């Protein structure tokens, strides 16, 4: 009778003679009815599952470390989009042109930075330098206006710029 391999709760089990055995219990038993190829395959599968599990934990930890930064970037992008939309509804729109342009640029750059961080791009932390710069420019421009949406946008941009500053890397031109 050929042993049947069953995966259960991220733990590999082997079904032999009507009993489920974990890899630990299988490795402690005599291998009378299993050939060495199956034994080596079972051990390799066990190691592969362990490596996959550890890699997932490490990846999740790295993503969680960037979670606060990604949230700050997305909050800034939303505040900028709201500010730009609200600026278009103001009476003196000509006075708001620079604000609208910077709001749109800042929203686009923050959104792209969040995407790069989420997919763990090699340039993500370098891109944050550009993001910090546009956030500071946008905050300065919004700070010139007395509208509530501009005030909220300036606060979000300053918080995002500070978060980017704490996490960016210098740009390498190699």
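Using Cβ contacts closer than 10 Å as the measure, can you line up 141, 159, 148, 91 from fewest to most?
91, 148, 159, 141
Quick one: if the Förster radius is 22 Å, what FRET efficiency do residue 118 and residue 151 give, using the C-beta to C-beta distance and rounding to 0.05? Working shown, then result.
Values: r = 29 Å, r/R0 = 1.32.
So, using R0 = 22 Å, E works out to roughly 0.15.
Mind running the shape call on the stretch 68-167? Use the C-alpha gyration tensor, a ≥ b ≥ c as the square roots of the eigenvalues: rounded below 1.5 for a/c, prolate if a/b tops b/c, oblate otherwise.
Values: a/c = 2.39, a/b = 2.16, b/c = 1.11.
Since a/c reaches 1.5 and a/b is larger than b/c, the shape of the stretch 68-167 is classed as prolate.
Measure out, as a whole number of angstrom, how far apart the alpha-carbon centroids of the stretch 125-174 and the stretch 94-111 sit.
Centre-to-centre distance over Cα atoms comes out at 12 Å.
Nearest 0.05, what FRET efficiency do residue 85 and residue 159 give at R0 = 22 Å with Cβ-Cβ as r?
Step by step, r from the Cβ atoms, then E = 0.60.
Laboratory data are not the source of any read-out in this text; all were calculated from the coordinates shown. Just so you know, these numbers come straight off a predicted model, no measurement behind them. So basically every Cβ, Gly included, is an ideal-geometry build from the backbone, and we count neighbours across all protein chains shown.
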